[in-house]
Each structure stands twice: as structure tokens, then as C-alpha cells.
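Enquirer: This structure is in C-alpha cells; I'll ask about it shortly.
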Amino acid sequence: MSVANKLRQIAFLILALSVAPATLAQQANAVPSNQALAAAAASAHPMASYNQWLATNMTPWLSMFNPYYYSGWANVMTNPWVDQATQPAMMDAMMRSMDPRLMYGAGGAVPVGGIPGWPTQTQKSWRPNTVTEGVSLDAKRNFYQSMMMMNPLSMRDMIGIMADKMPVADDVSFDDAVEAMKLRANEVNFKLVGHSPLWKDVVAMTGEEETPRVEIFQFCDAVVARKILDYVPEFAVFLPCRIALLEDADQKLWVMTLDWDVNWLDYSQNPNSKLADDLLADATRIRDALHYIMEGAATGDF
């Protein structure tokens, strides 16, 4: 670790120690909710000692210490705890306990220019609809391999986190869920631009009639898509928006899509991650519309 980074950590520690009592008082009302989350996780996974740690050490005012600077999560995700700590209920409790606003100190106010000493790019001005050069396949492979070496989560975990998914009610049939999606999409002015009955292709190619049913529906708001492509042409790889309806191994139906929640950018330090107000509103509306369509499939509500 460089001297500069060490000094930065010491400075943050001094700041944290000086503001922790005040921050604790401000966040007192949030502590019971985090303890409740820990208790819920404990009921699903009988690990009283681990959940006691979660309740007492991952409250919001301590999130400055554990998740961000003092490897609290990494310490928990070591043998023999890693399998339990990476169960969805546990990860949900830990992630909920984090409050990104506390990176800014006691008041949670975003300082002008971002966090002092935090490295980020300068503001840039791009011509709309211009593609960046990107990096090589070798560079991406090295980056992702290095990242996964340090990541206790499996590929399945990571993809599961990126998905927005909900179960379909038992009394809703596959065909009814499809019909509800189409009607709701029309209600929010989403055009159905593609449909892939993947399971039928599998049956046709293999002759296996018992293949679980899965179909992928592609929706688009062309005007918003054009705005997004002007901002990031590479976003074309995610277009059009896809919603999958599938049957799992227990014949349970699920509806899911890629969760591209633009609220993730709320506390970005990079000025180039700030969306224009109109684009932010459009992106939020798109995500809300996708969720609305999915809820129709999940409930069968036309």
C-alpha cells in the first residue's frame, strides 16, 4: 500500500471516530430495522453467532468501518462461513445494512467535487452517438479473471443478482401470463418487437417433448432507445429490452429481466455518469414499465 493511500485511510479513520457518535444518534432509528433483517436471516439460516455479529457490527453507522475500509464482509466470507454468508438471505441483510450516504460523513451530504481524494475522471463532452475504442479481448479476460479470483460469489450468484425476477402465481398459467404481459405492454406504449419460443426450438431439434417451457419477449420504446444510444452507443448490446418467462425444475413459473436500475448512479463520483434530467426520467420510466409488465405476468392481472 502506498504512503498516500495509508495516510488517506488514517484520515478517514480519524474522521470516522470523530463523527461516529453523532452519526449513531442520527441513524438510531435505522438500527432496529437492520437488527430485524438479521433476525429474518437467522430464521432462514440457524447461525445465531453470525447473525449476532451482523446485527451489532453492520448497522449503518458502522458501515464506514466494516464494508468499506476494514474488510468486514471479507472477514465473514472466509471458511467456514463463506457458504452461509453467501446465501441470498444473508447477502440481502448485509447489502441492506450498507448506507452509501455515510461515505460522505455524518450528515450524508454530498460535498462539492465528491469525496476528497477520491480518484475519478474529469468532466468530458462527447459528440452524441460516438462509439468508444474500447479495450482488447485479452485485457477484458485478464480483468474479469482477476476480479473473479477475489470474488467469493459464483457466476450463478452474480447473474442472479443482476436479474429482476418474480415468481408467477400458482393459479396463473403460462399462456395467461403471456397475454397479461402483452396487454400491459400495450398499456404503457411498449412495442413487442420480438418473440423467441426457445423451448419449441429445443423440442424441434431434440424431440424431447418434456423440455421446460421458456419464451423470451422483446419490447422497445424506440424514441427512448435512440436517446440512450446517443449517450452510450454500446448500449445497443442490451436492446431491445427482454423479459423471459420460464418454467423451472419444479414446474414453477418465473418472469425476469435484466435489472438496469439507474439509481445505482445516484452517488457516482464520476461526473460522466450523471445523466441529463430528461434521460434519467426516461430510463426510470422504462424500468418501471418493465416491472409493471412483469407484475402483470406474475399476477395474471390484465
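The values are calculated or read from the model by the stated rules, or taken from the named source; none is laboratory data. Keep in mind that this is a model prediction, so the values were computed, not measured. Note: ideal-geometry Cβ built from the backbone for every residue, glycine included; neighbour counts use all protein chains shown.
Enquirer: Check off (1) surrounded by 15 or more Cβ atoms within 10 Å (Cβ to Cβ); (2) in contact with a Cys (Cβ under 7 Å, 6 or more places away or on another chain) for Ala225 and give me the number that stays unchecked.
Expert: Only one criterion in (1) surrounded by 15 or more Cβ atoms within 10 Å (Cβ to Cβ); (2) in contact with a Cys (Cβ under 7 Å, 6 or more places away or on another chain) is unmet by Ala225, namely (2).
Enquirer: Among the residues of region 251-268 satisfying the criterion of being among the aliphatic types (A, V, I, L, M) and at pLDDT below 95, which is farthest from Glu215 (Cα to Cα)?
Expert: Filtering region 251-268 down to residues among the aliphatic types (A, V, I, L, M) leaves 253, 255-256, 258, 262, 265.
Now restrict to residues that are at pLDDT below 95: 258, 262, 265.
Values: Leu258: 15, Val262: 26, Leu265: 31 Å.
Top of the filtered list is Leu265.
Enquirer: Additional query: Out of region 147-182, which residues are out of contact with any Gly (no Cβ under 7 Å at 6 or more places or on another chain), over 20 Å from Trp260 (Cα atoms) and assigned to a helix (DSSP H, G or I)?
Expert: Met147, Met148, Met149, Phe174, Asp175, Val178, Glu179, Lys182
Enquirer: If you don't mind, another one. So, Ala281, is that one free of Cβ contacts under 8 Å to residues at least 40 places away in the same chain, outside any loop (DSSP other than H, G, I, E, B), buried (at least 16 other Cβ atoms within 10 Å of the Cβ) and not charged (D, E, K, R) or not?
Expert: For Ala281, the condition - free of Cβ contacts under 8 Å to residues at least 40 places away in the same chain, outside any loop (DSSP other than H, G, I, E, B), buried (at least 16 other Cβ atoms within 10 Å of the Cβ) and not charged (D, E, K, R) - is not met.
Enquirer: While we're here: Restricting attention to region 261-278, and to residues there that are of a type in the set (S, T, N, Q), part of a helix (DSSP H, G or I) and under 18 Å from the mean Cα position of the chain (by Cα), which single residue is surrounded by the most Cβ atoms within 10 Å (Cβ to Cβ)? Write out each step before concluding.
Expert: Of the residues in region 261-278, the ones of a type in the set (S, T, N, Q) are 263, 268-270, 272-273.
Subsequent filtering for residues that are part of a helix (DSSP H, G or I) retains 263, 272-273.
The next check asks that each one be under 18 Å from the mean Cα position of the chain (by Cα); those that pass are 263, 273.
Details: Asn263: 10, Ser273: 14.
Here the answer is Ser273.
Enquirer: Considering every residue within region 211-222, establish whether at least one is in a helix (DSSP H, G or I), assigned by TED's automatic domain parsing to the domain that holds Asp175 and under 30 Å from Arg127 (Cα atoms). Even if it seems obvious, please write down each step before you answer.
Expert: We begin by selecting, within region 211-222, every residue in a helix (DSSP H, G or I); these are 222.
Of the ones still in play, those that are also assigned by TED's automatic domain parsing to the domain that holds Asp175 are 222.
Next cut, under 30 Å from Arg127 (Cα atoms) only: 222.
Yes; the residues of region 211-222 include at least one that is in a helix (DSSP H, G or I), assigned by TED's automatic domain parsing to the domain that holds Asp175 and under 30 Å from Arg127 (Cα atoms).
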